[in-house]
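Visitor: Dumping the structure here so I can ask a few things about it.
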Amino acid sequence: MKTWILYVTLFGLCKGIREPIKKKALTRTDILSTLFMYTFLGFLMTIPTAGNVFSVSPRGLGLSALKAAVLFIAWMASLVSLKKLPVSFYGVVDLSRMFFSTAMGVLFLGETLTVRGIISLALICFGLYMAGNRKSAAREGCALRDILIAMASSLFSATSGVLDKYIMTTEPITGAQLQFWFMLILSCMYLAYILLKKEKPDITGSLKNPYIWLMSLFLVFGDRLLFTANADPDSKVTVMTLIKQCSVLVTIAAGKIIYKEKHILRKLLCAGIIITGILLAVL
């Protein structure tokens, strides 16, 4: 197995672990305070390994700011929808980012889909349809508005993933430097938004919330692995997008174990079809 595939797989597992932790964090702290502290603590964690961050070019800083703006929307939408949706169902809906990433990888990065890639994509589409059709949504008691917000989060997250590949292959910037700048800028964006809404962030409560610390830790570790994979010239966004979907297995398992959610066997069947498609793409 190529190293970049291993890194992306580990990123997917970190992401899968992060989703149920987010839902737990929201039971103790409000959405805006969680977003700000989650991002700011993550920024602080990047400092020891960031290196010479002031060597980044103005263009690199601009692209980092663009990534931060995209994630500002993605993470906001993610927490708003995750607070309402069952975590196992959210994990399956979140797989819709695969469509967006694959389309953008082909359209904007000039990547191509092989016949095997098309077959794997078809399998994944079928698995997503089984999990997210209207009947399944009704069975879970999910509102259409929350599902659409989750899909909007997936769209902007996919855009961020394509930006990662573009930045890491066109700019002389390390993954640690990119993390430092986009998380610093994103922290400032969330703080500015809170102040504009004239709300007071719950700093004390956030610092006492262990789930926010865990969210930040898994974010920094997972993203560092992903940036390293993106820097590999052999890696492709279309393939990385497929591999990342292994996160759904962790999310579904957490939904059952932690939140005692129902219809888990059906979700695992859908996930099995999706994972089969992923394996077909990468083996």
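Visitor: In the range 174-258, which helices (runs of 4 or more DSSP H) lie fully inside it and hold 3 or more residues that are crowded, with 22+ Cβ neighbours inside 10 Å? Please lay out each step first, then the result.
Guide: Numbers: elements: 175-196, 203-207, 210-231, 237-244, 247-257.
By residue number, 175-196, 210-231, 237-244, 247-257.
Visitor: Find the residue count for the range 44-82, including only residues that are of a type in the set (Gly, Ala, Ser), more than 20 Å from PHE218 (Cα to Cα) and over 18 Å from the mean Cα position of the chain (by Cα).
Guide: 5
Visitor: With respect to LEU163, is the statement that it is within 18 Å of LEU219 (Cβ to Cβ), over 18 Å from the mean Cα position of the chain (by Cα) and assigned to a helix (DSSP H, G or I) true?
Guide: For LEU163, the condition - within 18 Å of LEU219 (Cβ to Cβ), over 18 Å from the mean Cα position of the chain (by Cα) and assigned to a helix (DSSP H, G or I) - is not met.
Visitor: Please name all residue pairs, on different chains or six or more residues apart, with Cβ atoms under 7 Å, provided the first residue is in the range 206-222 and is within 14 Å of TRP75 (Cβ to Cβ) and the second residue is open to solvent by less than 60 Å² (accessible area, probe 1.4 Å) and not in a helix (DSSP H, G or I).
Guide: Within 7 Å, the pairs are ILE212/THR29.
Visitor: Identify all residues within the range 94-120 that are open to solvent by less than 40 Å² (accessible area, probe 1.4 Å) and either in contact (Cβ under 8 Å) with a residue 60 or more places away in the chain or over 25 Å from THR251 (Cα atoms) (or both); write none if there are none. Talk me through it step by step, then tell me what you get.
Guide: As a first pass, look at the range 94-120 and keep what is open to solvent by less than 40 Å² (accessible area, probe 1.4 Å): 94-98, 101-102, 104-105, 111, 117, 120.
Hits for the range 94-120 are ASP94, LEU95, ARG97, MET98, SER101, THR102, MET104, GLY105, GLU111, GLY117, SER120.
Visitor: Let me ask something else. Please report, ordered by residue number, the helices (runs of 4 or more DSSP H) entirely within the range 3-108 with at least 1 residues that are under 23 Å from TRP213 (Cβ atoms) and not aliphatic (A, V, I, L, M). Show your work before the answer.
Guide: Numbers: elements: 3-25, 31-46, 58-84, 87-93, 97-108.
Fully inside the range 3-108 and qualifying: 3-25, 31-46, 58-84, 87-93.
Visitor: Anything in the range 56-79 that is basic (Lys, Arg) and crowded, with 20+ Cβ neighbours inside 10 Å? List them, or say none.
Guide: Just the residues of the range 56-79 that are basic (Lys, Arg), to begin with: 59, 67.
Matches in the range 56-79: LYS67 only.
The values are calculated or read from the model by the stated rules, or taken from the named source; none is laboratory data. These figures come from a predicted structure and were not determined experimentally. Glycine also receives a Cβ, built like all others from the backbone with ideal geometry; neighbour counts cover every protein chain displayed. The area values use the complete protein model at the heavy-atom level, side chains included, leaving out ligands, DNA and RNA. Shrake-Rupley method; radii C 1.70, N 1.55, O 1.52, S 1.80 Å.
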